[in-house]
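The values are calculated or read from the model by the stated rules, or taken from the named source; none is laboratory data. Only a predicted model underlies this, so the values are computations on that prediction, with no experimental measurement involved. Using ideal geometry, Cβ is built from the backbone for each residue, glycine included, and neighbour counts are taken over all protein chains shown. To get the accessible areas, we keep the full protein, side chains included, count just its heavy atoms, and leave off ligands, DNA and RNA. Shrake-Rupley method; radii C 1.70, N 1.55, O 1.52, S 1.80 Å.
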Amino acid sequence: MKADIKNRKDIELLVNTFYDKIKTDAVIGFLFTEIAQVNWETHLPRMYDFWENILFYTGNYNGSPMQVHKELHSKCPMRPEHFEHWVIVFTTTVDKLFEGEKATEIKERALNIANVIMYKTLA
Ligand code: HEM
């Protein structure tokens with residue numbers, strides 16, 4: 001039986017594992033590495049804050065994801081398949097590492113946020 005997501009350390013493991021896969025992902029990897037040319041040293045801590053705030057209400061995230069993804073979309077049009085794939089990779093990563101209430105919650109939140117970002121970005 002796997003453990004649930006309990007704290008920021010767990011979120012760091014999840015986020016690091018997820019983006020390790022994304023960097024070489026055949027479907028959406030290029031959006032991060034070639035189009036956006038992400039600076040991982042700043043992006044990863046921002047993502048720890050983002051997910052920690054969602055799961056544990058820390059109030060430590062104050063970015064604007066909509067703007068970031070709209071900008072990306074203007075550089076290289078994204079499609080629903082990209083978002084669907086993002087959700088599959090995220091969900092698979094959660095399932096590989098964790099199980100429990102918070103693990104279920106983060107998958108649900110990821111799916112919902114992915115849909116919101118997708119509809120607003122592709123509109
Ligand atoms: C195909 C799908 C997606 C792609 C290609 C994508 C790509 C990106 C890129 C390139 C950045 C900017 C990184 C940087 O330069 O620092 C970013 C930021 C971010 N993304 Fe995504 N993303 C996707 C889906 C999602 C989803 C579904 C979520 C949430 C569930 C999400 C949450 C975020 C957040 C919170 C940020 C940081 C915004 C900020 O505060 O600056 N992304 N994403």
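Of the conditions (1) over 17 Å from Thr121 (Cβ atoms); (2) open to solvent by less than 50 Å² (accessible area, probe 1.4 Å), Cys76 clears all except one; give me its number. The failed condition is (1).
Is region 85-97 home to any residue that is of a type in the set (Val, Ile, Thr), in contact with a helix residue (DSSP H, G or I) (Cβ under 7 Å, 6 or more places away or on another chain) and within 9 Å of the ligand (Cβ to nearest atom)? Scanning region 85-97, I find at least one residue that is of a type in the set (Val, Ile, Thr), in contact with a helix residue (DSSP H, G or I) (Cβ under 7 Å, 6 or more places away or on another chain) and within 9 Å of the ligand (Cβ to nearest atom), so the answer is yes.
Can you name the residue in region 33-44 that is touching a residue at least 12 places away in the same chain (Cβ under 8 Å) and closer than 20 Å to Leu14 by Cα and is also nearest to the ligand (Cβ to nearest atom) among such residues? I'd like the intermediate steps shown before the answer.
So the first thing to find is which residues in region 33-44 are touching a residue at least 12 places away in the same chain (Cβ under 8 Å), and the list is 35-36, 40, 43-44.
After this cut, where a residue has to be closer than 20 Å to Leu14 by Cα as well, the list is 40, 43-44.
On the way: Trp40: 8, His43: 4, Leu44: 9 Å.
Here the residue is His43.
Among residues of region 80-106 that are within 11 Å of Val27 (Cα to Cα), those with a Cβ under 8 angstrom from a residue that is polar (S, T, N, Q), sequence gap 6+ or separate chain, pair up as Phe83/Asn115.
Looking at the structure I just gave you, is Lys120 closer than 26 Å to Asn7 by Cα, open to solvent by 40 Å² or more (accessible area, probe 1.4 Å) and basic (Lys, Arg)? Step through it out loud before you land on a result.
Working: closer than 26 Å to Asn7 by Cα: no; open to solvent by 40 Å² or more (accessible area, probe 1.4 Å): yes; basic (Lys, Arg): yes.
So Lys120 fails the test.
The residues of region 98-123 that are among the hydrophobic types (A, V, I, L, M, F, W, C) and near the ligand (Cβ under 10 Å from one of its atoms), listed by number, are Ile106, Ala110, Leu111, Ile113, Ala114, Val116, Ile117, Met118.
Quick check: anything in region 48-56 in contact with a helix residue (DSSP H, G or I) (Cβ under 6 Å, 6 or more places away or on another chain), of a type in the set (A, V, I, L, M) and more than 9 Å from the ligand (Cβ to nearest atom)? Before you say what the answer is, go through the steps one by one.
Here is the first cut: in region 48-56, the residues in contact with a helix residue (DSSP H, G or I) (Cβ under 6 Å, 6 or more places away or on another chain) are 48, 51-52, 54-55.
If we keep only those that are of a type in the set (A, V, I, L, M) too, we end up with 54-55.
Next cut, more than 9 Å from the ligand (Cβ to nearest atom) only: 55.
Yes, there is a match, as at least one residue in region 48-56 is in contact with a helix residue (DSSP H, G or I) (Cβ under 6 Å, 6 or more places away or on another chain), of a type in the set (A, V, I, L, M) and more than 9 Å from the ligand (Cβ to nearest atom).
Selection within region 3-39: residues that are under 13 Å from the mean Cα position of the chain (by Cα) and among the aromatic types (Phe, Trp, Tyr). The member of this set that is most open to solvent (accessible area, probe 1.4 Å) is Phe32.
Could we say that Val68 is under 20 Å from Glu34 (Cβ atoms) and surrounded by 13 or more Cβ atoms within 10 Å (Cβ to Cβ) here?
Working: under 20 Å from Glu34 (Cβ atoms): yes; surrounded by 13 or more Cβ atoms within 10 Å (Cβ to Cβ): yes.
Here the answer is yes, as Val68 does meet what is asked.
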